[in-house]
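Presented below is the structure to which this report refers.
The values are calculated or read from the model by the stated rules, or taken from the named source; none is laboratory data. The structure presented is a predicted model; accordingly, all values stated were derived computationally and were not measured. Every residue, glycine as well, gets a Cβ built from its backbone with ideal geometry; the counts of neighbours run over all protein chains shown.
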Amino acid sequence: MASGEKAVRLPSEGEMFGNDVENEVANYNLCPEKSTNANLGFNIGPYVFHKHSISVNSSMFYRDVKDMIRRAVSADSRDVASFENLNSVMTYGFDAEILYKYSNLVQFNFNVSKFNALFNTEYDASGARYSYYKEQIRNEPSFKFSSGLTYFWNDAIKKKARASIYYNTNYVGRFLRDWAGIGGTGLNWIPTQFVHDLGIAYTLPNRKTTIALDAKNILNTQIFDNFRIQKPGRAFYAKITYAIF
């Protein structure tokens, strides 16, 4: 399947007027974001053989964006952010997903994303050439993948009850905190992050009540957001869900 479009996105309320809770200040000069987009994708499957099932989905994309609206940390204070327009950004890449199932017992999925988001303005208003022309824009990882493995136990402990145990991973390749042409050999990289999660859930026979226990970032890996602000390390959660209908 293929598609193409021209789109215009207006700045949101928070992008233009700021958000005190998120330490984001206003920028009343934001322009609408305009883009030309093209997509090409395919779906294969699911192919079923005996108790096995497998499907593959993939898509390629191209984006030519003018006045891209992006969150940016203030040059005066790393604790304050605002939104800015990037004159021109060209993005292209692909996403792919594989989904495997065995009966009603095991499910495995793998997702991968690789894309380049390149600063596509060669000269500034004074005619000087940008040192990061055709380089990856800052604060934007270009390679990610994730996977999930789940085991289902039907009639667990009691008839009609169901338990599930899952193991998930999430990988983000290293990417630049600042522009590629700034800093010489001392570039400010946000390091590679590889996070592992474990969890278990138990649904009672009435199929309305589920008790879940989750362990996030079990290896206590140091992880960051796109602006190198550190996220919480290892954490444990418990949740009870009840479905009314």
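How about segment 206-245: which of its residues are closer than 30 Å to LEU176 by Cα and among the hydroxyl-bearing types (Ser, Thr, Tyr)?
THR221
Run GLY181 past the list (1) of a type outside the set (S, T, N, Q); (2) assigned by TED's automatic domain parsing to the domain that holds LYS66; (3) under 30 Å from SER88 (Cα atoms) and report the number of the one that doesn't hold.
It is condition (2) that GLY181 fails.
To keep it simple, each residue is scored yes or no on (1) outside any loop (DSSP other than H, G, I, E, B); (2) touching a Ser or Thr at 6+ places or on another chain (Cβ under 9 Å).
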| position | (1), (2) |
| --- | --- |
| TRP179 | no, yes |
| LEU187 | no, no |
| PHE194 | yes, yes |
| GLY199 | yes, yes |
| ARG207 | no, no |
| ALA212 | yes, yes |
| ALA215 | yes, no |
| ILE218 | no, no |
| THR221 | no, no |
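Kindly provide the set of residues from segment 223-245 that are aliphatic (A, V, I, L, M) and part of a strand (DSSP E or B), ordered by number.
ALA235, ALA238, ILE240, listed by residue number.
Tell me yes or no: at least one residue of segment 133-144 is closer than 30 Å to ASP214 by Cα and not in a loop (DSSP other than H, G, I, E, B).
Scanning segment 133-144, I find at least one residue that is closer than 30 Å to ASP214 by Cα and not in a loop (DSSP other than H, G, I, E, B), so the answer is yes.
I want to confirm something. Restricting to segment 209-245 and keeping residues that are in contact with a Leu (Cβ under 8 Å, 6 or more places away or on another chain) and closer than 16 Å to GLN193 by Cα, which single residue is surrounded by the most Cβ atoms within 10 Å (Cβ to Cβ)?
Top of the filtered list is ILE218.
Would you confirm whether or not segment 44-60 contains a residue that is without any contact (Cβ under 8 Å) to a residue 60 or more places away in the chain, among the β-branched types (Val, Ile, Thr), closer than 16 Å to ASN85 by Cβ and exposed (fewer than 12 other Cβ atoms within 10 Å of the Cβ)?
There is no residue in segment 44-60 that is without any contact (Cβ under 8 Å) to a residue 60 or more places away in the chain, among the β-branched types (Val, Ile, Thr), closer than 16 Å to ASN85 by Cβ and exposed (fewer than 12 other Cβ atoms within 10 Å of the Cβ).
When you go through SER58, SER53 one by one, which is the residue that is part of a strand (DSSP E or B), over 30 Å from GLY4 (Cβ atoms) and assigned by TED's automatic domain parsing to the domain that holds GLY93?
After applying the criteria, what remains is SER53.
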